[in-house]
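Encoded as C-alpha cells, the structure appears first; notes follow it.
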Amino acid sequence: MSTPVQRLRGVFLAPAVRWIALLGLCAAYIQGGLTKAFDFPGAQAEMHHFGLSPAAFFAVVVIVLEIVASLMILSGRLRWVGALALAAFTLGATFMANRFWEMAPPERFGATNGFFEHLGLVGGFLLVAWHDLQPRARS
C-alpha cells in the first residue's frame, strides 16, 4: 500500500508534468516569437525601440531564437543548448529592457520586479541545462 506522499510523487514525476512545466517555462518565448512573426512591422519597431539595427535582422534573429530554442527544450533534442540560449537571451534582454536603476518612481517599481522575475527565468533555464547535462544512470 502506498502512502499519500508516494502517490503524489508518482503523479508529480509523470513525464506529462515535466513537459507541462517546460511548456510553462517556454510559453512567453513561444508567444513572443509567434507574435513577432505575425506582426513583423511591430517586431521591427520593438528592435528599433531598443536601439538594435538593422531592425529587420534582429527581429528575425529573435523570432528564430525564441521559437527554435523553445522547440529544442520541449522536444528534448539538445535541450541544454536551447535552455542556455534562452538563458543568455533573457539575461541580455533584461539588462536592455528593465534598466530600473535609471528610472524614477513609479516606473522603477515595475521595472525592478520585471528585472528580478527575468532573473528567475534565467535560473530556471540554467536548471534545465544543468539537469539535461547530468550523467544518466545506465539501465
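Here, each number is a calculation from the coordinates, and none is a lab measurement. Predicted model, so just to flag it, every value in this text is computed and none were measured. Every residue, glycine among them, receives a Cβ derived from its backbone with ideal geometry; neighbour counts consider all protein chains shown.
Points to keep in mind about this one:
- Just one residue in the set 42, 51, 10, 24 is small (Gly, Ala, Ser) and within 20 Å of the chain's Cα centre (by Cα); that residue is 24.
- Pairing each residue of the range 70-93 that is under 15 Å from residue 121 (Cα atoms) with any residue that is polar (S, T, N, Q), provided the two are 6+ apart or on different chains, yields C-beta distances under 9 Å for 82/70; 82/75; 86/70.
- Among residues of the range 19-48 that are free of Cβ contacts under 8 Å to residues at least 12 places away in the same chain, those with a Cβ under 9 angstrom from a residue that is of a type in the set (S, T, N, Q), sequence gap 6+ or separate chain, pair up as 27/70; 42/35.
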